[in-house]
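Heads up, the thing below is written out as structure tokens.
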Amino acid sequence: MQIRLYNTMTRKLEEFKPITPNHVGYYNCGPTVYWDQHLGNMRTFLNADILKRMLLANGYTVNHVMNYTDVGHLTSDEDTGEDKMEKGAARENISVWEVAAKYIKSCERDMASLNILPPTHAVRATDHIKEQIELLQKLEKMGFTYEIPGDGIYYDTSKFPDYGALGGQNLSELKAGARIENNGKRNITDFALWKFSPRDSKRQMEWDSPWGVGFPGWHLECSAMSMKYLGDHFDIHSGGQEHIKVHHTNEIAQSEPIVGKPWVHYWVHWEWLMLKDGKMAKSSGSFWTVQGLIDKGYDPMTYRYLLLLGHYRQPIVFSFESLDAAATGYKNIIRKVADLMNDKSGDTDQDLYQQWHDKILAPVSDNLKTAEALVVIQDLLKDKTVNNTTKLALFGFIDDLLGLQFIDRATKLHKLESVEAPENVKELAQKRLEAKKSRDFALADSLRSEIDSLGWNVLDSVDGFKLVKKQ
């Protein structure tokens, strides 16, 4: 099936053509592991998961690399401020290494809760210092670097004519409109490749290098690790849209002089998750985590479903009202899939299976239009010409493609429904049904509450009601 992706570099939808037939090299920028990842961060990783699942559904093998930034990401994009990892260690009064281990584990837990497939290679910056130093040495030999005494080794962006192309920036205009502080930078856009450790204190993370004791700049890790695991040229690089004008622009600048152009063939960027009063961000303190949703009683799949109702190139405003609405829609589909399990009929119709398979895959292959795929899924459930066995087989494919675990949740519901309710609960449910028929809704609500207190859910159905034991 034809795949189309919006390429940030060319600013247009393009047909995807892999460098190597039937294989995709894919790098997705991962988290800086100094704190729990909030729901906006997880939107980034979930979008990457959908892209990967779409490629797999189209028959590609995918070599997927994601980094854990555990050193070098400063609190400012201008290469100033405190290292975020050191800041996290001071906040929690533990070592930087313990901070990294703690929040990698936290991130992996949240990804598992959202049914995000693990990458082929999950790589840490601190495990690849050697590769980063070697990359810096190559840039130095080519004349792209200079030293600011007492500060570090910097990349001279004036030596790279295509600097800023990814973000549509004009380097001459940036220089003309910028005021360079007296910190030794030659150009406002120059960035650190290696930072020297302070002379009056010892950092927890620092290494010897040809330039002195210090640590790598944030941007260096992604170039070095992607080249190690994906080669000098690979297919797709993705990340949050905030990375376009600085982080990814700098990755290109430090990579293409060494490997040639283009280093990456398709750049894909994810929009933000917003709150009503702005972007969800750790710096503001106003954010929610996956575990926070679980603690409030939400199935994390409802958050996944909410995100798939939107499109990755558009911001989504998060609220608990929108999450509740998504939960209702998600549960309705689970209910219908459980009903299919109650009445399996016939063998899988291979022709109909393939037709609906392609109908569902087509919009996702066309720049990840998951919302359109969910509309097709609703149409499938309504189509009476497709037997239940075929529909269930298609939901197996849907779960592989969208990762929504409909079959898993419906199977659990089906098993609960198989438990026979005691007579007193049946009698209460029957009285509630009669109260509804006589429009005595106050009594009906009272009886529902009584049934609920006995550990059962009463669900309205075409035949009257169903009783499901609570989990």
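Just to confirm the filter: which trypsin sites (Lys or Arg not before Pro) across region 1-37 are DSSP coil and have at most 12 other Cβ within 10 angstrom of their Cβ?
Sites meeting the loop and neighbour criteria: Arg11.
Tell me, what HN-Hα J-couplings in whole Hz come from the Karplus equation 6.51 cos²θ - 1.76 cosθ + 1.60 at θ = phi - 60° for each residue of region 363-374, using x for Gly and Pro?
For region 363-374, the Karplus-derived couplings read x, 5, 6, 8, 6, 6, 7, 5, 4, 5, 5, 5 Hz, x marking Gly and Pro.
With angles folded into 0 to 90 degrees, how steeply does helix 218-230 sit against the dominant principal axis of the chain? Use alpha carbons for both and round to 10.
Between helix and principal axis, roughly 70 degrees.
Report the residues of region 186-200 in range of a label on Gln169: point 7 Å along Cα→C-beta, backbone N strictly under 14 Å from it.
The answer is 186-192.
For a test of the definition: using alpha carbon positions, the gyration tensor, and the 1.5 limit on a/c, classify region 1-156 as rounded, prolate or oblate.
Here region 1-156 falls in the oblate category.
Mind listing P(r) for region 281-415? All alpha-carbon pairs, 5 Å bins, whole percents.
So the P(r) values, bin by bin, are 2, 9, 18, 21, 19, 13, 8, 5, 2, 1, 0, 0.
What's the longest uninterrupted piece of the chain once you rule out the GluC sites (Glu not before Pro) that are loop residues per DSSP with at most 11 other Cβ within 10 Å?
With a cap of 11 other Cβ atoms within 10 Å, the longest stretch comes to 182-419.
Give the label of the value calculated from the structure for mean projected area of the Cα convex hull in nm², choosing from (1) 26.6; (2) 28.3; (3) 23.2.
(1)
Quick one: accessible area per residue over the chain, 1.4 Å probe, rounded to a whole number of Å²?
On a per-residue basis, 45 Å².
Please list, or write none, the lysines whose alpha carbon is within less than 23 Å of the alpha carbon of Lys412, excluding same-chain residues fewer than 8 places away.
Here the lysines satisfying the reach criterion relative to Lys412 are Lys296, Lys331, Lys336, Lys344, Lys382, Lys391, Lys426, Lys466, Lys469, Lys470.
Is the shape of region 423-469 best called rounded, prolate or oblate, per the rule: a/c under 1.5 gives rounded, else a/b larger than b/c gives prolate, else oblate, with a ≥ b ≥ c the square roots of the Cα gyration tensor eigenvalues?
Here region 423-469 falls in the oblate category.
Given the DSSP H assignment, sum -39500 (n - 2.57) over each helix run of at least 4 residues in the chain and divide by its residue total; what's the result at 222 nm in deg cm²/dmol, nearest 500?
About -14500 deg cm²/dmol.
Of the heavy-atom accessible surface of the chain (probe 1.4 angstrom), what whole percent is carbon and sulfur?
49
With only Lys, Arg, Asp and Glu charged, each at its Cβ (+1 for the first two, -1 for the last two), find how big the charge dipole of the chain is about the Cα centre; round to the nearest 20 debye.
Details: 57 positive and 65 negative charges, 125 e Å.
Using only the charged Cβ atoms, the result is roughly 600 debye.
For helix 96-113, what angle does its Cα long axis make with the longest principal axis of the chain, in degrees from 0 to 90 and rounded to 10?
30
Note down the relative contact order for the chain as a percent, whole number, built from C-alpha pairs under 8 angstrom at least six residues apart.
16
I need the shape label for region 4-270. Rule: rounded when a/c is under 1.5, else prolate if a/b > b/c, else oblate, with a, b, c from the alpha carbon gyration tensor. Don't skip to the answer; put the middle values down first.
Working: a/c = 1.75, a/b = 1.18, b/c = 1.48.
In terms of gyration-tensor shape, oblate.
The values are calculated or read from the model by the stated rules, or taken from the named source; none is laboratory data. Keep in mind it's a predicted model, so treat the numbers as computed, not measured. FYI the Cβ positions are ideal-geometry reconstructions off the backbone, even for glycines, and counts take in every protein chain you see. The area values use the complete protein model at the heavy-atom level, side chains included, leaving out ligands, DNA and RNA. Shrake-Rupley method; radii C 1.70, N 1.55, O 1.52, S 1.80 Å.
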